[in-house]
1. Could you go through the stretch 112-124 and let me know if any residue there is touching a helix residue (DSSP H, G or I) at 6+ places or on another chain (Cβ under 8 Å), farther than 18 Å from residue 16 by Cβ and surrounded by 15 or more Cβ atoms within 10 Å (Cβ to Cβ).
2. Might you let me know whether the stretch 67-77 holds any residue that is in contact (Cβ under 8 Å) with a residue 40 or more places away in the chain and in a helix (DSSP H, G or I)?
3. Among the residues of the stretch 1-45, which ones are outside any helix (DSSP H, G or I) and farther than 21 Å from residue 91 by Cα?
4. Filtering the stretch 68-92 down to residues that are over 22 Å from residue 151 (Cβ atoms) and touching a helix residue (DSSP H, G or I) at 6+ places or on another chain (Cβ under 6 Å), which residue is modelled with the highest pLDDT?
């Protein structure tokens with residue numbers, strides 16, 4: 001199952017990074033990766049919960065994309081703080097907790113760590129000047145998604 005999970009994350013991260021502007025792709029693709037990871041944990045079908053999560057994942061990413069398009073005031077804080085990513089970093093784990101019924105998900109800690117991972121992925125990718133194929137998996141999208149999956153599905 002570990003190889004299946006890693007393959008789903010890698011493929012999902014590549015697709016999402018290449019279509020980052022399209023919430024009709026990113027939301028369902030990453031939602032599908034989360035559903036697959038959830039299935040590998042519980043081994044029992046939860047079709048209604050998974051369907052709802054796919055829809056909510058898509059809507060949250062649509063909102064994140066809309067927030068990302070808002071022109072922010074010129075301020076040094078917005079050069080390092082990306083409000084859209086911050087909102088998504090808290091909303092999706094909250095949706096995960098409620099919809100997939102995982103009460104142990106620490107929303108604040110998870111949101112902060114996912115946000116930091118995204119920022120770190122961007123810094124590493126930009127700072128090292130990595131070219132293809134490395135940038136397909138070393139980027140802010142892959143780091144955000146990898147941190148999300150690790151934090152929400154790690155063994156307790």
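The values are calculated or read from the model by the stated rules, or taken from the named source; none is laboratory data. Predicted, not measured: the structure shown is a model, and the values here were computed from it. For neighbour counting, all protein chains shown are included, and Cβ atoms are generated from backbone atoms with ideal geometry for every residue, glycine included.
1. There is at least one residue in the stretch 112-124 that is touching a helix residue (DSSP H, G or I) at 6+ places or on another chain (Cβ under 8 Å), farther than 18 Å from residue 16 by Cβ and surrounded by 15 or more Cβ atoms within 10 Å (Cβ to Cβ).
2. no
3. Within the stretch 1-45, 1, 43, 44, 45 qualify.
4. 68
Table: residues versus (1) in a helix (DSSP H, G or I); (2) closer than 21 Å to residue 42 by Cα; (3) at pLDDT 95 or above.
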residue: 94; (1), (2), (3): yes, yes, yes
residue: 102; (1), (2), (3): no, yes, no
residue: 108; (1), (2), (3): yes, no, no
residue: 119; (1), (2), (3): yes, no, no
